[in-house]
Amino acid sequence: MPNRPRIALYQPDIAGNTGAILRLGACLGLAVDIVEPAGFDHSDRALKRAGMDYLEIAALTRHIDFARFDAWRRGEGRRLVLFTTRGDLPYTGFAFAEGDVLLFGRESAGVPDHVHERSDARLLIPMPGGGRSLNLAMAAAMAAGEAVRQLRGKTTPDVPTASGGQKLRGMPSSE
């Protein structure tokens, strides 16, 4: 997965959200980075329950703090794409690139200003219904789905569409 986008979580608070995101990463073939400290122990039951047996195949990297995470991603030449309610561009209007790191802040507090400043882009998921924020796992799924859609055929395997009677990968056959 060297050139694939990655999902990164900044000091996540809720084990269940992190487990769901690890499952998402495993299913989409995207690695997940956790910037410590997390608000839960990695042996937490909620993490295991949400991640189910997908935790065994998830590509997880833990970083001891933001400085080390940032040094790693800069050394890899990866852009840091922050998803934030303070974003200045809707995520669907952004051109994702191979190797982008999609960063999501803490459920309780987002990310501090110094993380905003280190980000290469600050994206917003519009909420025309007037909500304050989305669940972290939902936001990560929307963002990862858009990045994978845009990069289809570049860094992600082409998955045939349902048109023409082709079977979708991961979907049960009607045969």
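The values are calculated or read from the model by the stated rules, or taken from the named source; none is laboratory data. In this text, all values refer to a predicted model and were calculated from it rather than measured experimentally. Glycine gets a Cβ as well: all are built from the backbone with ideal geometry, and neighbour counts include every protein chain shown.
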In segment 51-98, anything touching a Lys or Arg at 6+ places or on another chain (Cβ under 8 Å), under 20 Å from residue 22 (Cβ atoms) and among the small types (Gly, Ala, Ser) is listed as 51, 58
If you go through 172, 112, 90, 128, the only one that is at pLDDT 95 or above, more than 14 Å from the chain's Cα centre (by Cα) and more than 25 Å from residue 15 (Cβ to Cβ) is 90
| said: So, residue 39, is that one under 15 Å from residue 136 (Cβ atoms), surrounded by fewer than 16 Cβ atoms within 10 Å (Cβ to Cβ) and not aromatic (Phe, Trp, Tyr) or not? | reply: yes
- What do you reckon, is residue 92 touching a residue at least 40 places away in the same chain (Cβ under 8 Å), more than 18 Å from residue 5 (Cα to Cα) and not aromatic (Phe, Trp, Tyr)? no
Quick check on residue 109: is it surrounded by fewer than 15 Cβ atoms within 10 Å (Cβ to Cβ) and either over 20 Å from residue 21 (Cβ atoms) or in contact (Cβ under 8 Å) with a residue 24 or more places away in the chain (or both)? no
By residue number, the members of segment 1-42 that are of a type in the set (Asp, Glu) and modelled with pLDDT of 90 or more are 13, 33, 36
Filter segment 112-153 for residues that are closer than 17 Å to residue 31 by Cα and of a type outside the set (A, V, I, L, M, F, W, C); the one that is surrounded by the most Cβ atoms within 10 Å (Cβ to Cβ) is 146
Within segment 83-105, the residues that are within 23 Å of residue 34 (Cβ to Cβ), in contact with a Leu (Cβ under 9 Å, 6 or more places away or on another chain) and part of a loop (DSSP other than H, G, I, E, B) are 84, 85, 86, 87, 96, 97, 98, 100, 105
